Structures are given as C-alpha cells and as structure tokens.
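A.B. asks: What follows is a single structure, and I will ask about it in a moment.
Taken together, the values in this text are just the output of simple stated rules run on the coordinates, not laboratory data. As the structure is a computational prediction, the values presented were derived from the model and not from experiment. Reconstructed Cβ throughout: ideal geometry from the backbone, glycine too, with neighbour counts over all protein chains shown.
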Amino acid sequence: MIGSEIIHFKRVDSTSNYIATLLKESKVVNGLVILADEQTEGRGQRGAKWQSIPGENLLLSFFIEYKQLEVNKQKHLTQAVSIAILQTLYYFQVFGKIKWPNDIVIAHKKIAGILIENQFQGKNIKSSIIGIGLNVLQKEFETINSTSISIESQASVNLKLVLNQLIYQLNQQFILLAQKSFDVLEQNYIKSLWLKDEVSFYEKESGEIFKGIIKGIDSEGKLLIYRDDLNAIETYGLKEIKFTKRNVQ
Ligand code: BTN
C-alpha cells in the first residue's frame, strides 16, 4: 500500500533522489513515501528544476513495485498518477485538467507536476519512483503560469489534509492498475485532457503554428490532434508539439 511507511524530512536534496539511493542499497520497501518541506535540488521534467517555498507545498516521492507490468503499459502509470491528483484537487473543489502528457493545470496555470522514473527487468517495469510536486499554500509565484489550491479554492486547506487525500487517491488508482483496468484509466485520463474537443493553437518543432483540436491519445500515449486545414488527425510525440496561446499568422 502506498503510504504504509512515510518518512518526513525538513530538508532533502530531492525526495526522488533519496528513494533512488535507498534502492541502490536495497533498503526501500514497496509503498514507501518520502516527504519534504524543502528540496535543495528538486528535479522537474526534462532536466528542469522544481522550485517551491519551504513548507508551503507538497513535495513527495513514493516507491512502487509491480507484479507484472509490461513496458508498453507505461502510459497507464502517468494516467493513474494524473487522475489521483485531479481527484485530490476535486476534493478541495478545484477543477483541474491534464495538460498532455502529465502536467496538472487550471487553464494555462500549472498546479502540479509529476516525475516518473522506472526500473526495468526484461519486458517489464519492475518498479517506479514517482515524484509529485503539488502547489498547496503558496500564493505568489515567480511566473504567471503557476497556481495553487489556496489560490483556486474557497475550501479550507492544509498540507496534512491534502497529503492524506492524495495518498488515498493514489491507492485507488494503483488498485485499478494492479487489476489491469487499463481501459478505465485511459478513459478517465482522456476525459480530463485539457483543451480536448476545443479549438486551440499548437506549434510544431519546425515553428509552424496551426489550429487544431485534441482528440485523445494513441496506443503509445502520443497526442492525437485534428487539423481543420488538413481535415486529418495527426499524431505528435513529446518533442514534436508545443501548446501555444499565439494565433496563426
Ligand atoms: C515537472 O517538471 O512537472 C515534474 C515536477 C516534479 C517535482 C517533484 S517534487 C517531489 C519530487 N522530487 C523531485 O526532485 N521532483 C519531484
């Protein structure tokens, strides 16, 4: 069970790094959660830094082992974690969406980020270290593109309440994963995609900006966008597309 053991640090380099070190020393138990008030080297996706005012937000990682999870089921991990975060927000009357592939946003503003690092054995994912940064109490950010539960909600909120809810929701979603209810995970994920079925603008790697409508994801988890100008659905991988507020020139 996720959260069967929780270790809480005032300060650590990165909660995910801490689990990785325990793993190397074979000292990690399934479901272990590492929580920190502050990270000195918090890591985001694609080598970015994850910054947070000490004590104001949830910074945690957990370790999870799988009985048998094939590599091609990797996208369902993202789905399970994203949905758990959305359900947690929903509990506090915050209605988030998933910005493909795994940012949690309220309109253009990010409220949570997910960092999944898998350990493989042959054709299977043996285990994962899953890091979550969820903005809870922070009211001021360096960029205009961030927000928090406190900013978005009228409900009374504290870190402990959010932590308990998040752990509960993660367990719910990982039960679905263990039961191999992949279709349920995928349907809930697609339903919650930000800008799904709405006209918006996207930028290709080449710099070309086009108008399109998100329709879902393919079997590999790539984004499917309908292009009006081509009257066709195109498939985009992670580096091949950017969300943009700009209009077509
Ligand atoms: C992203 O870039 O969107 C992912 C951010 C993930 C941040 C969390 S905070 C807890 C855990 N420890 C880290 O160093 N990173 C993740």
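A.B. asks: With θ taken as phi - 60° and the coefficients 6.51, -1.76 and 1.60, list the Karplus ³J(HN,Hα) couplings across segment 225-234 in order, rounded to whole Hz; mark glycine and proline as x.
C.D. replies: 10, 7, 9, 4, 5, 9, 6, 8, 9, 10
A.B. asks: Given an 8 Å cut-off on Cα distances and at least 6 residues of separation, report the relative contact order of segment 144-249 as a percent.
C.D. replies: After rounding, I find 18 percent.
A.B. asks: Also, I was wondering about something else. By how many degrees, between 0 and 90 and to the nearest 10, does the Cα long axis of helix 159-178 differ from the longest principal axis of the chain?
C.D. replies: Tilt of helix 159-178: around 70 degrees.
A.B. asks: Could you state the angle between the C-alpha long axis of helix 15-24 and the longest principal axis of the C-alpha atoms of the chain, as a value from 0 to 90 degrees rounded to the nearest 10?
C.D. replies: 60 degrees
A.B. asks: Provide the per-residue ³J(HN,Hα) series for segment 203-211, in order, calculated from phi with Karplus coefficients 6.51, -1.76, 1.60 and θ = phi - 60°, each as a whole number of Hz, with x at glycine and proline positions.
C.D. replies: 10, 7, 3, 6, x, 5, 9, 9, 9
A.B. asks: Tally Lys/Arg at +1 and Asp/Glu at -1 over every other residue whose Cβ is under 9 Å from the Cβ of Ile106; what's the total?
C.D. replies: +2
A.B. asks: If you don't mind, another one. Suppose we keep just the DSSP beta bridges with both residues in segment 115-249; what percent of those would be antiparallel, to 5?
C.D. replies: Percent antiparallel among DSSP bridges in segment 115-249 is about 95.
A.B. asks: In a Gaussian network model over the chain where Cα atoms closer than 10 Å are linked, find which of Glu220, Glu152, Glu186 has the largest mean-square fluctuation.
C.D. replies: Highest fluctuation of the listed residues: Glu220.
A.B. asks: If you average the sequence gap of Cα pairs under 8 Å that are 6 or more apart and divide by the length of the chain, what percent do you get for the contact order?
C.D. replies: 16 percent
A.B. asks: If the cut-off is a Cα-Cα distance under 13 Å, which aspartates and glutamates reach Lys109, setting aside same-chain residues fewer than 8 apart in sequence?
C.D. replies: Output for Lys109: Glu140, Glu142, Glu152.
A.B. asks: If the cut-off is a Cα-Cα distance under 17 Å, which aspartates and glutamates reach Lys215, setting aside same-chain residues fewer than 8 apart in sequence?
C.D. replies: Answer for Lys215, where 17 Å is the Cα cut-off: Asp183, Glu186, Asp197, Glu198, Glu203, Asp228, Asp229, Glu234, Glu240, listed by chain and number.
A.B. asks: Next question, about the same structure. Shape of segment 1-133 from its Cα gyration tensor (a ≥ b ≥ c, root eigenvalues): rounded if a/c is under 1.5, otherwise prolate when a/b > b/c, or oblate?
C.D. replies: Verdict is oblate for segment 1-133.
A.B. asks: Over 25 Å between C-alpha atoms is what I'm after, so list which of Lys123/Lys191; Lys73/Lys222; Lys75/Lys191; Lys110/Lys239; Lys24/Lys222; Lys73/Lys97 land there.
C.D. replies: Pairs exceeding the cut-off: Lys123/Lys191; Lys24/Lys222.
A.B. asks: Right, next: Where Lys and Arg each count +1 and Asp and Glu each count -1, what net charge lies around Ser150 among other residues with Cβ under 14 Å from its Cβ?
C.D. replies: After counting each charged neighbour, the total is -1.
A.B. asks: What's the angle, to the nearest 10 degrees (0 to 90), between helix 74-91's Cα axis and the longest principal axis of the chain?
C.D. replies: Long axis of 74-91 versus the principal axis of the chain: about 80 degrees.
A.B. asks: Counting only DSSP beta bridges with both residues in the chain, tell me the antiparallel percent, nearest 5.
C.D. replies: 85 percent
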